[in-house]
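This report concerns only the one structure given below.
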Amino acid sequence: MTPDRMKGVYLTAHGGPEVLEWREDIPVPRPGAGQVLVRVLAAGVNNTDINTRIGWYAAEVTGATDAGEVGEAGGHAGAIAFPRIQGGDLCGRVVGVGGGVDVPIGARITSPINLPRPTIDAPTAYIALGSEVDGAFAEYCLLEAKDIYDVTASPLSDIEIAAIPCAFGTAENLLTRAGVTEGQTVLVTGASGGVGLAAVQLAALRGARVTGQTSPAKADVVRTTGAVDILERGIAPAPAQYDVVIDVVGGPGFPDLIRALKPAGHYAVSGAIAGPIVSADLRQIYLPDITLHGCTYQPPEVFARLIDLMNAGAIRPLVSKTYDLRQIAEAQADFQSKTYPGKLVLIPPKEAP
């Protein structure tokens, strides 16, 4: 039996942490046809949740994610409905199902943050968990059965699984779009963050030689994850060194990353924490036949590969710290400070140690 009310965090507007409202009277959703109700066991902290909170996806915002600018229609698909329960990363357990669903009660599940909704006219259409629909920053979360994946068999903990969907899903999508294969040289920017560490680990798993760009204080963590070489943050890479650049930083370093590619190299981007507005010399893109990949839409087969790796115990995220869900503002401040490598994870109050 599930209660009628639950504890959780409402996003009440775009803005600073003051727009995050702790509530203990949120109605528990009920699953309809094709839906499942999930008890949230753990929920990861991500850039995308902070970006949505501050409205960073709005076109009028041009600065880095920590610049303090606030947009007005800053969800993944523009304006979002308030109040919204954010949280794109989760591990949960199925506690209720709607009509036509054969998922067993008690199954441990996870879900991608970018939920594919392709159409003939928009083959890369998606909605984002915690942006266009309510997410995991509450005790319960309503999901479409078609969006969930069973991880009951995984040896990973609930906290580790909750650290995977956004970071590893984004990273695997970047590597897939860029066509990373064995023996290639790959540069990963922001290599000590959640997506960066995931990209290092997954690229090394593919047999690539990985260079991670990070601060000296976090270099050992990046090496342990699979990087063979380290490029200090703020240092421009040498020209024509890499087959692939995986970028989640953007900002003023973009021209150097393009120059760092070998002829016919691939640049894949899925983040711009240093700023979304960049400059480029187009000759340095078209003369050496560089391919640029913007990567957000994730085909189901990308996340399905991650599920296989999770259930086999072949990947493992670095979780540096956990917080009670009530501490969401503190967790997001720590995330933005880049104090900790890897991932930070929130625990709903009923599941807190």
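The values are calculated or read from the model by the stated rules, or taken from the named source; none is laboratory data. Model, not experiment: these values are computed from the prediction. No Cβ is skipped: glycine too gets one built from the backbone with ideal geometry, and neighbour counts run over all protein chains shown. Please note that ligands, DNA and RNA were not included when accessible areas were found on the heavy atoms of the full protein model with its side chains. Shrake-Rupley method; radii C 1.70, N 1.55, O 1.52, S 1.80 Å.
Values computed for the structure shown
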| read-out | value |
| --- | --- |
| Any hit, the range 184-194, residues being surrounded by fewer than 24 Cβ atoms within 10 Å (Cβ to Cβ) and either in contact (Cβ under 8 Å) with a residue 24 or more places away in the chain or outside any helix (DSSP H, G or I) (or both) | yes |
| Residues (part of a helix (DSSP H, G or I), open to solvent by 10 Å² or more (accessible area, probe 1.4 Å) and not hydrophobic (A, V, I, L, M, F, W, C)) located in the range 195-207 | Gln201 |
| Unmet requirement for Ser279, which otherwise passes all of (1) closer than 30 Å to Arg117 by Cα; (2) in contact with a helix residue (DSSP H, G or I) (Cβ under 9 Å, 6 or more places away or on another chain) | (1) |
| Some residue of the range 157-170 being among the acidic types (Asp, Glu) and in contact with a helix residue (DSSP H, G or I) (Cβ under 7 Å, 6 or more places away or on another chain) | no |
| Residue match in the range 221-231 (condition: crowded, with 17+ Cβ neighbours inside 10 Å, at pLDDT below 95 and outside any helix (DSSP H, G or I)) | no |
| Residue match in the range 29-51 (condition: open to solvent by 60 Å² or more (accessible area, probe 1.4 Å), more than 15 Å from Pro348 (Cβ to Cβ) and more than 17 Å from the chain's Cα centre (by Cα)) | yes |
| Qualifying position, being open to solvent by 50 Å² or more (accessible area, probe 1.4 Å), of a type outside the set (Asp, Glu), out of contact with any Leu (no Cβ under 6 Å at 6 or more places or on another chain) and closer than 21 Å to Ser270 by Cβ, among Pro104, Pro118, Pro112, Pro83 | Pro118 |
| The range 11-28 - residue that is among the hydrophobic types (A, V, I, L, M, F, W, C) and over 27 Å from Gly96 (Cα atoms) and, of those, surrounded by the most Cβ atoms within 10 Å (Cβ to Cβ) | Leu20 |
| Residue that is nearest to Lys343 (Cα to Cα), among those in the range 171-182 that are out of contact with any Pro (no Cβ under 9 Å at 6 or more places or on another chain) and open to solvent by 20 Å² or more (accessible area, probe 1.4 Å) | Arg177 |
| Strands (runs of 3 or more DSSP E) completely within the range 30-129 that count 1 or more residues being of a type in the set (Phe, Trp, Tyr) and touching a residue at least 60 places away in the same chain (Cβ under 8 Å) | 126-128 |
| In the range 239-253, the residues that are under 13 Å from Gly275 (Cα atoms) and out of contact with any Phe, Trp or Tyr (no Cβ under 9 Å at 6 or more places or on another chain) | Val248, Val249, Gly250, Gly251, Pro252, Gly253 |
| Residue list for the range 145-164, filter: open to solvent by 40 Å² or more (accessible area, probe 1.4 Å), closer than 27 Å to Gln332 by Cβ and not in a loop (DSSP other than H, G, I, E, B) | Tyr149, Asp158, Ile159 |
| Residue in the range 73-80 that is at positive phi, open to solvent by 10 Å² or more (accessible area, probe 1.4 Å) and within 21 Å of the chain's Cα centre (by Cα) present | yes |
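Yes/no matrix, rows are residues, columns are (1) closer than 25 Å to Gly313 by Cβ; (2) touching a strand residue (DSSP E or B) at 6+ places or on another chain (Cβ under 6 Å):
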{"position": "Asp89", "(1), (2)": "yes, yes"}
{"position": "Val95", "(1), (2)": "no, yes"}
{"position": "Gly98", "(1), (2)": "no, yes"}
{"position": "Val103", "(1), (2)": "yes, yes"}
{"position": "Arg108", "(1), (2)": "yes, yes"}
{"position": "Ala125", "(1), (2)": "no, no"}
{"position": "Ser131", "(1), (2)": "no, yes"}
{"position": "Lys146", "(1), (2)": "no, no"}
